[in-house]
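Please read the structure below before turning to the comments.
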Amino acid sequence: MSNNPERSTAWQTALTVIQKATPPALPDGAEVMTVVTEYPPGDPGAPPHRHPGGPAFGYVLEGEILFELEGQAPRVLKAGEAFWEPGGDVIHYQDANNRSDIALRFLVTMLCAPGQPMLVLVDDEELAARQDHRVPAGSTVPTES
C-alpha cells in the first residue's frame, strides 16, 4: 500500500450502512443474481411468490413499494430504504407500486442454492391454506429491514 499523501481518504467516510442481516447458510456452489425491477404507476407487482433457494436483499431506487412478507404486516418503503426476505418457505405477498403517479424501481440481489429456482409462484390453494400466516395491515408485528 502506498503512503502517497495525495491519495484520497474520502472512501473512509463514503459508506453508509442501510441494512444488516444474517442470511441463512448457503451451500457451496450457490448462485447470486442481481436484478432491477421497474413497475409503472399503480402496478400490483409480482403475484405471491417465494424464493426457495435462499434470501433476497433489496433497495428501493425510485418511488414507493408496498412490501408484504408472510408473518409481517404490509409496509411502505420509499426510495433509499432497504428490505430483505429470508427465502425458503416464506411467502412474499406484495411488491406493488404504492403510488399511482410515479414509477417504482428497486434493485434485488437474490442468493440461491444450486438446483433451486430463484422464484416460484404460490398458487391460490396454498394461499388459502396459509391465510392464518398473513398479518393484516396496521398490525404491530415487529418487522426486519
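Bear in mind that the values in this text are calculations on the coordinates, not laboratory data. Since the model is a prediction, treat every value here as computed from it, not as a measurement. No Cβ is skipped: glycine too gets one built from the backbone with ideal geometry, and neighbour counts run over all protein chains shown.
Ranked for footprinting exposure by Cβ neighbours inside 10 Å, fewest first, Ile91, Ile65 give Ile91, Ile65.
Which value results when the Cα radius of gyration for the stretch 1-89 is divided by 2.2 N^0.38 Å?
For the stretch 1-89, the normalised Cα radius of gyration comes out at 1.46.
Applying the criteria of a DSSP loop state and at most 14 other Cβ atoms within 10 Å to the GluC sites (Glu not before Pro) of the stretch 1-78 yields Glu6.
Legend: calculated FRET efficiency, Asp28 to Thr109, from the Cβ-Cβ distance at R0 = 25 Å, rounded to 0.05, equals 0.85. Plainly put, the stretch 44-133 has a radius of gyration that is 0.97 times its Kirkwood radius, both from alpha-carbon atoms, as the Rg/Rh ratio.
Phi-derived couplings, Karplus 6.51 cos²θ - 1.76 cosθ + 1.60 at θ = phi - 60°, listed residue by residue for the stretch 95-105: 9, 6, 6, 6, 10, 9, 10, 9, 6, 10, 10 Hz, with x used for Gly and Pro. On the beta carbon distance between Lys78 and Val17, with R0 = 25 Å, the FRET formula returns roughly 0.90. Based on the Cβ-Cβ distance from Ala10 to Leu61, what FRET efficiency comes out when R0 is 30 Å, to the nearest 0.05? For Ala10 and Leu61, the calculated efficiency is 0.85.
Between the alpha-carbon centers of the stretch 75-145 and the stretch 9-50, tell me the distance in whole angstrom. Cα centroid of the stretch 75-145 versus Cα centroid of the stretch 9-50: 12 Å apart. Based on C-alpha pairs under 8 angstrom that are at least 6 apart in sequence, the chain has a relative contact order of 33 percent.
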